[in-house]
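First up is the structure itself, then whatever we jot down about it.
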Amino acid sequence: MKVEFAPLSVPLQRRLQTASVVQWVFSFLALGQCCIALFICLFFTRFWLVSALYAAWWLIDRETPHRGGRRIHVIRNSVIWRYMRDYFPVTLVKTAELDPRKNYLLGFHPHGVLAAGAFLNFCTEASGFSALFPGITPHVMMLSLWFRIPFFREYLLSGGLVSSDKESASYVLRRPEGGNTLTIIVGGAQEALDARPGSFILLLRKRKGFVRLAIENGTPLVPVFSFGENELFDQVSNPKGSWLRRLQHRLQQIMGISLPLFHARGIFQYSFGLVPYRRPIYTVVGKPIPVQKKHKPSEEDVDQMHQKYLNELSKLFEEHKAKYNIPEDKHLEFI
């Protein structure tokens, strides 16, 4: 006998969607600190062996973030991420096929405040990545310091996140069997300081390391633009040259992460809080740009490919902006 369950009511669906987003925001704002505190505190309890054994495991497993990570499909397919997808909602848009016999380097733009589009589309199956791109295994680069946090690193690895260093990137891109994508949020933490509604500023003019990496490995470049990424949060005014921007820049140099002062709505009210606005995100994956492999590319080789990438990214933005209600007079600004 088949048992059918009644669909959830709209209010309950809304509450579950909001709860999933709160959980995600909390995971990146506070879960890391909680994991560190738990790891240390356990040493002073009768459960000290848990932290001791984990420390031993951590030592044995320390190279995993540099060796393609360790995804856990149960977590990637969790219903939590589908509720989170529906909160905004988030849609992954394919414009071209990716050959599963090749590896690809995806440049993701813009960073936004918390890179929601990159996380949901490439670190989970909420938007159906594997169905859209069969035979492709996604990896996303993240600052190495996050993988030094006990317990939290396992959460990151489960989604396919890998360390953001050249060794880690080359390991993924050189896999002979193909079928791997490496997503780099090119603007990084610094670009998050310009993430606010209506902004199309990309920190990309001098960011050429990812292009050199693609040439050295002969890996096709794929531009990705996430429409709506900057619309999720408001940010305290921090124009270049202001004391706040100088402070944020200095803290980024020291800590490796930026600290944008952002706000949006609350859990039970809509006037102020840290919960992102319900605004749609459309992450558009462009066409692969062929790259000729050169073991030691010259500066001219890198500059030419970098300019080609900028042109293709601009073209992708211009071709799709009208579909997602971007004004005709808005264009990408590279700094």
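Structure above, values below:
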quantity	calculated
The one condition in (1) open to solvent by 10 Å² or more (accessible area, probe 1.4 Å); (2) touching a residue at least 24 places away in the same chain (Cβ under 8 Å); (3) over 24 Å from Leu261 (Cα atoms); (4) out of contact with any strand residue (DSSP E or B) (no Cβ under 6 Å at 6 or more places or on another chain) that Ile149 fails to fulfil	(3)
Flag for Tyr155 being in contact (Cβ under 8 Å) with a residue 12 or more places away in the chain and crowded, with 20+ Cβ neighbours inside 10 Å	no
Search result, residues across the stretch 160-215 that are touching a His at 6+ places or on another chain (Cβ under 8 Å), open to solvent by 40 Å² or more (accessible area, probe 1.4 Å) and among the polar types (S, T, N, Q)	Gln190
Only one of Ser226, Ser164 that is touching a Ser or Thr at 6+ places or on another chain (Cβ under 8 Å) and without any contact (Cβ under 8 Å) to a residue 60 or more places away in the chain	Ser164
Residue in the stretch 277-296 that is under 17 Å from Gly198 (Cα atoms), open to solvent by 80 Å² or more (accessible area, probe 1.4 Å) and within 20 Å of the chain's Cα centre (by Cα) present	yes
The stretch 237-249 residues that are within 12 Å of Asp194 (Cα to Cα), paired with ones that are assigned to a loop (DSSP other than H, G, I, E, B) (beta carbon under 7 Å, 6 or more apart)	Arg245/Asn238; Arg245/Pro239; Gln248/Asn238; Gln248/Ser258; Gln248/Leu259
Enumeration of residues in the stretch 18-40 that are without any contact (Cβ under 8 Å) to a residue 40 or more places away in the chain and open to solvent by 80 Å² or more (accessible area, probe 1.4 Å)	Phe26, Gln33, Ile40
Scope the stretch 297-329; condition open to solvent by 80 Å² or more (accessible area, probe 1.4 Å), closer than 17 Å to Glu229 by Cβ and in a loop (DSSP other than H, G, I, E, B); matching residues	Asn325
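The values are calculated or read from the model by the stated rules, or taken from the named source; none is laboratory data. The shown structure was predicted, so the numbers you read here are calculated from the model rather than taken from an experiment. Cβ coordinates were reconstructed from backbone atoms using ideal geometry, including for glycine residues, and neighbour counts include every protein chain displayed. Each accessible area value is taken on the protein alone, full model and side chains, heavy atoms only, with ligands, DNA and RNA left out. Shrake-Rupley method; radii C 1.70, N 1.55, O 1.52, S 1.80 Å.
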